[in-house]
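Step one of this worksheet: look at the structure below.
Coordinate-derived values only; no laboratory data. No experiment lies behind these values; they were computed from the predicted model shown. Here the Cβ positions follow ideal geometry from the backbone for every residue, glycine too, while neighbour counts run over all protein chains shown.
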Amino acid sequence: MAQTVFAPWNDPEEKPLIQFRNVTKRFGDFTAIDRLTQDIYAREFFALLGPSGCGKTTLMRMLAGFERPTEGQILLGGQDLSQIPANQRSVNMMFQSYALFPHLTVWDNIAFGLKRAKKPKAEIEARVKEMLRLTRLEQFASRKPHQISGGQRQRVALARSLARAPKLLLLDEPLGALDKKLREETQFELMDIQEKTGTTFIIVTHDQEEAMTVASRVAVMDHGRIVQVDTPDRIYEAPNSVYVADFIGDVNLFHGVAKSRAERAPAPAARPLPEPETPEAEDALREMQEEAARKPQPTALGMALHDKVLAPIVGKWLDQQPKALPMPDPAPATGVTEAAAPAPVRTPDAPQASASTPTAATQPPAIPPGGLEIHWHAGQPPLVASNGPEALAGRNVVLSLRPEKISISKERPTAANVLQGKVIDIAYLGNISTYYVKLADGTMVKAQAANTRRISRRGITWEDTVWLSFTATAGVVLEDDT
Amino acid sequence: MSTGIVSRGQNTALGAALIAVAVFGALVAAALWRGAAPGAWAVTGSLAGLAGFLALWTRAGSDQRTSFLGATVIGLPYAWLLALFLVPFAIVLKISLSDVALARPPYMPQYDPAQGWAGVVDLVRELDFENFVFLTTDDLYWKAYLSSFRIAAIATACTLLIGYPIAYGMARAPKEWQATLLMLVILPFWTSFLIRVYSLMGILGNEGVLNGALIRAGLVSEPIQILNTQMAVYIGIVYTYLPFMILPIYAALEKMDESLLEAAEDLGCSRLQAFWLVTFPLSRGGIIAGCFLVFIPTMGEFVIPSLLGGAGTLMIGKVLWEEFFNNLAWPQASAVAVVLLLILIIPIVLFQRSEEKAREAGK
């Protein structure tokens, strides 16, 4: 079965389920939501992510009907919600505290909403049973909330809010009270249930890992505004502002002045490939390509036969679309993919290419032309970002660089960007280690490496002088708005 | 497990040694008080107890010392109950089984300590249930019980109807106001109960404040007879017992999570439905506690019916008072009290049992 990527927001035909139109909410002098406009589509798992006090809970409470917008409109399926009281909306909420009725059994808690809807008794029984099965709570039906564990309570709350089959389910920090292991399990359970029921979910959370795990789209909020809405991978790999880059995950920020690089990029090639960033990645990529070459591939005639003749009858079984999420575009303005660059181009303005190194015998790395170089510190070489938009040339910019994009080695590597420093601290997290490296000018840089080897064979330790390197497209150049 | 048994044994030994010290010490002190030389065995006993206690105490680990002190702390309320509830009850029970006599105190038989154990046997032999039988011969008593029960039940219902909205309002008031409101509810307690009832007489009387205001307002031409009617008794009970109803209900409502009401609304309840389906059942504990706190003392209430109810109001507390002070019939009065206690305690115990069972069934 071919799986198409779920992206209704890219489809101009698709009608949004929820529309925020210029919504503002003020509490006295405090503006909780500031002229917010956003569409959310049916069957989406939409995450509202932000620090506490950013307005995400207010947004959710307005959808549930516990708050009214001061200005603007919220539409649910084209209908203005402001005229519909909370108890008549086809919206249900799973509360942060679960808000289970302590005097009622699990069964009665789940049946509560159905009884209010005056459903016939048999139907209520069938629906509650279905919900109990969905949340694997059958044997706890006659227990009271205080007689079950936190994880079970969380599932009761979910079952209760799903029982009325709402068009929209709101989840207010639903997993905050669970421990890490249970939280991770429950996240997958939530995704599973969301897929099974086909309900639109909006989740409020301050846990970015949770948001990235469960959501189809993540909205990062700050001071009552949505700063960026995108798929989790794009939020992470292509943040549109320093705020988003800094809020999501770990990041190194290099503040500097951008200068345009001399050479222009050639026209991008037809088939972009994921960029190799570390030797391991290059190996993996080569293996993938080799494997792909070994597999039988349909010829052009075969493809045409499949697409035109067989697919309309028996359905598509060869998928041309990648199963994985799309790789982020390097930059919106000057989309350059370095793998497309032809033979290694010597770039005289790239510092490490001209620098004489002990390993001069090795081939200098291929630095794609174009983009920006960032002069960030007087004593340090400028950083090359071939994906930097030319429009930012001459401006104050921030190069945002994820720690896992930085390689750390004891010998000087050949790469587009090389920095030297000393290991100050190592955070050993089991699967990965984060190295805190202090550069000569005092800047602290975080670099991450996967611990693919057992501990005794890893060479880098405290106080070691190390080289940090990253490719010309590893970072994202953002306008410095601070 | 074994340490538990050891420490319990240790605790018992420590306690026994301490009790020996107390008993023998008391004998020594009594002998000294009388001016006599204390018996050698009493002195030896108290010293031996003290030595034993100290020996055990110094050998005991700090855990055992702590658990002994803990047991002592828990024991104190039990000792209190024993001394101030069970012992007086035993005395009242004994009097209720005695006969009226022209003596001081006015009942027979009395325990004669000089006769020792034989005195106890004689005493028990002379006790009988005559007074309880007597209560059934005169219809005054059961009528008084019934009337008390009716007045207490109606008054409790009225207190609940008035108290619940007040408690609800307090629990929903802004947080910064709640302490003040709570203070206003408790404030009347700072005035003597008797003075409050007397002041009600001044308000409810024919020349009282209330009738005066009504006549001046032109609502009535003649004063309404309130004082010395059952209405006055109800007003008095509701007024004086209202805080006992408000406080437990407030406590139950105040700790209720307000998101429960939002959840109820979210699941399709109107505000009124949410109240009956969520708020009310969750305040049930407070309502029951409040009703007990009002009903039980009202049942035996004596001051309010005497001062406000006039001659027409029959309540068991008043009957008891008259038997005791006017007729000097201590045995009959004691029998009335014992029956009243049983009437109150038995239903409460049964109710607690059924609650307990319901809770067990829920598990």
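General observations
- Taken along its three principal axes, the alpha carbon spread of the range A:136-192 comes to 29, 29, 18 Å, from the longest extent down to the shortest.
- Taking the square roots of 5 times each eigenvalue of the Cα gyration tensor of the range A:75-189, largest first, gives ellipsoid semi-axes of 23, 19, 12 Å.
- Assuming charge only on the beta carbon of Lys and Arg (+1) and of Asp and Glu (-1), the dipole of the range A:14-251 about its Cα centre is about 1400 debye to the nearest 20.
- Comparing A:Gly459, A:Val397, A:Ala47 along the charge dipole axis of the protein assembly as shown, the residue lying farthest to the positive side is A:Ala47, per the Cβ-charge model.
- Listed peptides B:287-293, B:261-267, A:430-436, A:115-121 appear in the order B:261-267, B:287-293, A:430-436, A:115-121 once ranked by packing, highest mean of other Cβ atoms within 10 Å at the front.
- Neighbourhood charge, 10 Å Cβ-Cβ cut-off, centred on A:Leu75 and excluding it, Lys, Arg +1 and Asp, Glu -1: -1
- Ranking A:Ile426, B:Val28, A:Leu162 by Cα position along the charge dipole of the protein assembly as shown, where only Lys, Arg, Asp and Glu carry charges on their C-beta atoms, puts B:Val28 farthest toward the positive end.
- Computed over the protein assembly as shown, the percent of Cα pairs more than 55 Å apart is 43.
- Simple point charges give the picture: +1 on the Cβ of Lys and Arg, -1 on the Cβ of Asp and Glu, and for the range B:134-362 a dipole about the Cα centre of about 100 debye.
- Radius of gyration over Kirkwood radius for the range B:111-239, both on Cα atoms: the Rg/Rh ratio is 1.22.
- For the pair the range B:270-343 and the range A:460-478, the centres of their Cα atoms are 82 angstrom apart.
- Ordering B:Trp330, B:Ile151, B:Leu161 by Cα displacement along the dipole of the range B:134-362 toward the positive end leaves B:Trp330 in first place; charges were set at the Cβ atoms of Lys, Arg (+1) and Asp, Glu (-1).
- Proportion of all alpha-carbon pairs of the range A:14-251 beyond 30 Å (%): 25 percent
- Cβ-to-Cβ counts within 10 Å put B:Glu207, A:Glu404 in ascending order as B:Glu207, A:Glu404, the fewest first.
- Exceeding the 32 Å Cα-Cα cut-off - candidates A:Lys15/A:Lys446; B:Lys255/B:Lys357; A:Lys180/B:Lys357; A:Lys115/B:Lys357: A:Lys15/A:Lys446; A:Lys180/B:Lys357
- For the protein assembly as shown, a crude dipole built from +1 on the beta carbon of Lys and Arg and -1 on the beta carbon of Asp and Glu, taken about the Cα centre, is about 1080 debye to the nearest 20.
- Model label points for B:Ala51 and A:Arg225, set 7 angstrom from Cα along the Cα-to-Cβ axis, are 8.9 nm apart.
- Peptide-level mean, for A:136-143, of C-beta atoms on other protein chains within 10 Å: 1
- Counting neighbouring beta carbons within 10 Å and listing from fewest to most, the residues B:Leu184, B:Leu102 come out as B:Leu102, B:Leu184.
- Neighbourhood charge, 15 Å Cβ-Cβ cut-off, centred on B:Ile287 and excluding it, Lys, Arg +1 and Asp, Glu -1: 0
- Exposure proxy for A:Val437, A:Val23: other Cβ atoms within 10 Å of each Cβ, ordered fewest to most, give A:Val23, A:Val437.
- Stretched out straight at 0.36 nm per residue, the stretch from B:Trp117 to B:Val87 would grow longer than its current Cα-Cα span by 8.9 nm.
- Taking a ≥ b ≥ c as the square roots of the Cα gyration tensor eigenvalues, the range B:2-85 comes out oblate, since a/c reaches at least 1.5 and a/b does not exceed b/c.
- The overall shape of the range B:134-362 is oblate: from the C-alpha gyration tensor, with semi-axes ordered a ≥ b ≥ c, the ratio a/c is 1.5 or greater and a/b is no larger than b/c.
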